[in-house]
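Okay, so here's the structure we're looking at.
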Amino acid sequence: GKGPYPYYMLKEVNEQPNIMRKLTTLYLDAKGKPKIDHKLLDKMNQADRLYIIGAGTSYHAGLVGKNLFEKLVHIPTEVHVSSEFAYADPILSKHPFFIFLTQSGETADSRVVLTNVNKMHYPSLTITNVDHSTLSREADYTLLLHAGPEVSVASTKAYTSQIAVEAVLAKALGEVKGRQIAVDFNLRHQLSLVATGMQSVIDQHAKINQMAKKYFVKSYNAFYLGRGTDFYVALEAALKLKEISYIQAEGFASGELKHGPIALIQKNTPVVGIITQKKTAALSRSNLEETASRGAKTFTIVRRALAKPGDSFILPDVDEMLTPLLSVIPAQLLAYYTSLNKGLNVDQPRNLAKSVTVE
Ligand code: F6R
């Protein structure tokens with residue numbers, strides 16, 4: 001049941017710190033070495049390219065995974081929306097390895113791709129929350145998310161669990177390849193920082209509720225901006241908001257704004273900047289200011305080390321590869337409180353089903 005929570009979504013958002021701790025003990029030993037089946041790692045080690053396939057929020061988790069695999073393993077990684085990839089006649093590399101991200105393990109769009117992959121005898125892994133689900137049974141390997149049942153239609157804990165499992169896998173494969181950056185990546189420590197950091201964000205729910213009221217509740221549109229992994233989180237943040245609050249929310253790459261979307265900015269349009277990456281922080285800030293100077297109501301979600309006076313929401317510091325695990329939490333809660341304050345059914349938004357078993 002929901003326990004003391006009015007909606008499953010809030011319960012599931014609140015479960016995330018403990019899930020990070022659970023995944024740490026299940027997937028990393030006391031010395032921080034990944035506990036991943038060596039047969040899976042051998043198979044992945046033979047690949048020349050990874051293909052991550054998913055839909056919706058799982059696709060967004062895949063985008064974050066690309067950064068982890070490319071940094072820690074140095075393997076080219078493509079991320080595709082399953083419904084598109086299924087009919088795209090893709091030109092594959094010589095030795096592809098497929099990773100399916102799916103909370104439910106039942107998404108028809110993703111299953112079509114896996115069926116084709118199996119016909120071609122390419123190796124595959126499903127990362128899912130549901131043991132014995134269809135995509136788990138049909139792939140060569142499975143890694144479980146161990147997030148517990150996700151009931152709310154809006155996916156939250158599955159997204160962060162998927163990223164955490166991708167991080168474990170990327171570290172494991174990077175170590176197999178003898179990559180020093182993977183050996184040095186102290187994921188055990190980082191995930192404990194993430195868990196504590198998530199909790200400190202969740203503890204600021206009253207402030208986030210106020211921000212939802214001030215920026216979103218009366219708005220018919222809203223924008224999230226970011227660069228790199230911050231852009232990937234902007235896509236997920238916008239999806240969460242549109243799903244349960246029915247606000248037309250979009251995530252944009254900060255630098256793309258001036259190539260079109262900035263035409264949408266009017267007086268009081270809410271624009272959220274996600275800023276966690278050192279290399280792009282200054283550019284992201286100036287892109288955000290360009291919207292402010294056109295009347296946007298801007299606010300920032302910023303990693304502490306990059307914070308400036310006037311920033312709206314400060315995130316605790318973690319490794320830059322893992323900041324999506326923290327920056328997504330205020331976005332999940334902003335969506336939650338916007339939906340709640342609008343009096344909507346948070347857990348069961350219109351037109352949506354929890355698992356989409358038709359193409
Ligand atoms: C968004 C959401 C959907 C799912 C998508 C894929 O909150 O829940 O976008 O992420 O339908 O579902 P799975 O991960 O079960 O394949």
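Do we find that TYR27 is more than 26 Å from VAL113 (Cα to Cα) and either buried (at least 21 other Cβ atoms within 10 Å of the Cβ) or modelled with pLDDT under 95 (or both) in this structure?
Numbers: more than 26 Å from VAL113 (Cα to Cα): yes; either buried (at least 21 other Cβ atoms within 10 Å of the Cβ) or modelled with pLDDT under 95 (or both): yes.
Spelling it out, TYR27 is indeed more than 26 Å from VAL113 (Cα to Cα) and either buried (at least 21 other Cβ atoms within 10 Å of the Cβ) or modelled with pLDDT under 95 (or both).
Looking at PRO270, PRO261, PRO349, PRO330 in this structure, which one is within 15 Å of the ligand (Cβ to nearest atom) and either among the basic types (Lys, Arg) or within 23 Å of GLY56 (Cβ to Cβ) (or both)?
PRO349
Take the conditions crowded, with 23+ Cβ neighbours inside 10 Å, within 16 Å of the ligand (Cβ to nearest atom), of a type in the set (Gly, Ala, Ser) and part of a helix (DSSP H, G or I) and apply them to SER155. Does it pass?
On the way: crowded, with 23+ Cβ neighbours inside 10 Å: yes; within 16 Å of the ligand (Cβ to nearest atom): yes; of a type in the set (Gly, Ala, Ser): yes; part of a helix (DSSP H, G or I): no.
The answer is no for SER155.
Does the stretch 272-286 hold any residues that are surrounded by fewer than 23 Cβ atoms within 10 Å (Cβ to Cβ) and either in contact with a strand residue (DSSP E or B) (Cβ under 7 Å, 6 or more places away or on another chain) or of a type in the set (Gly, Ala, Ser) (or both), and which are they?
So the first thing to find is which residues in the stretch 272-286 are surrounded by fewer than 23 Cβ atoms within 10 Å (Cβ to Cβ), and the list is 277-283, 285-286.
Residues satisfying the conditions are ALA281, ALA282, ARG285, SER286.
Identify, by number, the condition in (1) on the phi > 0 side of the Ramachandran plot; (2) crowded, with 22+ Cβ neighbours inside 10 Å that SER58 doesn't meet.
Evaluating SER58 over (1) on the phi > 0 side of the Ramachandran plot; (2) crowded, with 22+ Cβ neighbours inside 10 Å leaves (1) as the failure.
Can you work out which of the residues in the stretch 236-252 that are among the hydrophobic types (A, V, I, L, M, F, W, C) and more than 18 Å from PHE299 (Cβ to Cβ) is nearest to the ligand (Cβ to nearest atom)?
Let us first name the residues in the stretch 236-252 that are among the hydrophobic types (A, V, I, L, M, F, W, C), namely 237-239, 241, 244, 247, 249, 252.
Among the residues that remain, those that are also more than 18 Å from PHE299 (Cβ to Cβ) are: 239, 244.
Values: LEU239: 6, ILE244: 8 Å.
Selected residue: LEU239.
Take the stretch 115-136 and flag every residue that is more than 20 Å from ASP42 (Cα to Cα) and more than 10 Å from the ligand (Cβ to nearest atom).
Of all residues in the stretch 115-136, those more than 20 Å from ASP42 (Cα to Cα) come to 115-116, 119, 128-135.
Matches in the stretch 115-136: THR115, ASN116, LYS119, ASP131, HIS132, THR134.
Is the stretch 294-313 home to any residue that is under 16 Å from the mean Cα position of the chain (by Cα) and under 30 Å from THR102 (Cα atoms)? So that I can check it myself, show each step before the final result.
First, pick out the residues of the stretch 294-313 that are under 16 Å from the mean Cα position of the chain (by Cα): 301.
Adding the requirement that they be under 30 Å from THR102 (Cα atoms) leaves 301.
Yes, the stretch 294-313 has at least one match.
Only residues that are free of Cβ contacts under 8 Å to residues at least 60 places away in the same chain and within 14 Å of LEU340 (Cα to Cα): list them for the stretch 185-213, please.
Listed by number, the residues that qualify are ALA206, GLN210.
What are the residues in the stretch 83-114 that are closer than 29 Å to VAL176 by Cα, of a type in the set (S, T, N, Q) and near the ligand (Cβ under 10 Å from one of its atoms), if any?
Hits for the stretch 83-114 are THR102, GLN103, SER110.
Could you identify the single residue in LYS279, LYS297 that is over 19 Å from ALA154 (Cβ atoms), of a type in the set (D, E, K, R) and touching a Pro at 6+ places or on another chain (Cβ under 8 Å)? Spell out the reasoning first.
Values: LYS279 fails: touching a Pro at 6+ places or on another chain (Cβ under 8 Å).
LYS297 is the lone residue from the list that is over 19 Å from ALA154 (Cβ atoms), of a type in the set (D, E, K, R) and touching a Pro at 6+ places or on another chain (Cβ under 8 Å).
Looking at (1) under 20 Å from LEU63 (Cα atoms); (2) among the basic types (Lys, Arg); (3) out of contact with any Phe, Trp or Tyr (no Cβ under 9 Å at 6 or more places or on another chain), which is the one condition that is false for LYS177?
Of (1) under 20 Å from LEU63 (Cα atoms); (2) among the basic types (Lys, Arg); (3) out of contact with any Phe, Trp or Tyr (no Cβ under 9 Å at 6 or more places or on another chain), only one is false for LYS177: (1).
Counting only residues that are surrounded by 21 or more Cβ atoms within 10 Å (Cβ to Cβ), part of a strand (DSSP E or B) and among the aliphatic types (A, V, I, L, M), how many does the stretch 287-318 have?
Summing the residues that are surrounded by 21 or more Cβ atoms within 10 Å (Cβ to Cβ), part of a strand (DSSP E or B) and among the aliphatic types (A, V, I, L, M) in the stretch 287-318 gives 3.
Out of contact with any Ser or Thr (no Cβ under 9 Å at 6 or more places or on another chain), under 23 Å from THR323 (Cβ atoms) and of a type outside the set (Phe, Trp, Tyr): is that true of GLY251 in this structure?
Values: out of contact with any Ser or Thr (no Cβ under 9 Å at 6 or more places or on another chain): yes; under 23 Å from THR323 (Cβ atoms): yes; of a type outside the set (Phe, Trp, Tyr): yes.
The answer is yes for GLY251.
Condition test on LYS354, is it surrounded by fewer than 20 Cβ atoms within 10 Å (Cβ to Cβ), among the basic types (Lys, Arg) and within 20 Å of the chain's Cα centre (by Cα)? Talk me through it step by step, then tell me what you get.
Working: surrounded by fewer than 20 Cβ atoms within 10 Å (Cβ to Cβ): yes; among the basic types (Lys, Arg): yes; within 20 Å of the chain's Cα centre (by Cα): yes.
Taking the combined requirement at face value, the residue satisfies it.
Do you know which residues across the stretch 68-108 are free of Cβ contacts under 8 Å to residues at least 24 places away in the same chain and of a type in the set (A, V, I, L, M, F, W, C)?
ALA88, ILE91, listed by residue number.
Confirm whether LEU41 is surrounded by 24 or more Cβ atoms within 10 Å (Cβ to Cβ) and on the phi < 0 side of the Ramachandran plot. Spell out the reasoning first.
Values: surrounded by 24 or more Cβ atoms within 10 Å (Cβ to Cβ): no; on the phi < 0 side of the Ramachandran plot: yes.
Against the criterion (surrounded by 24 or more Cβ atoms within 10 Å (Cβ to Cβ) and on the phi < 0 side of the Ramachandran plot), LEU41 does not qualify.
May I ask you to list the residues in the stretch 158-175 that are within 20 Å of THR126 (Cα to Cα) and away from the ligand (no atom under 16 Å from the Cβ)? Give the derivation first.
First, pick out the residues of the stretch 158-175 that are within 20 Å of THR126 (Cα to Cα): 158-174.
Within the stretch 158-175, ALA167, VAL168, LEU169, ALA170, LYS171, ALA172, LEU173, GLY174 qualify.
The values are calculated or read from the model by the stated rules, or taken from the named source; none is laboratory data. Predicted model only: the values in this text are computed from it and were never measured. In this analysis, Cβ positions are derived from the backbone assuming ideal geometry, glycine residues included, and neighbour counts consider all displayed protein chains.
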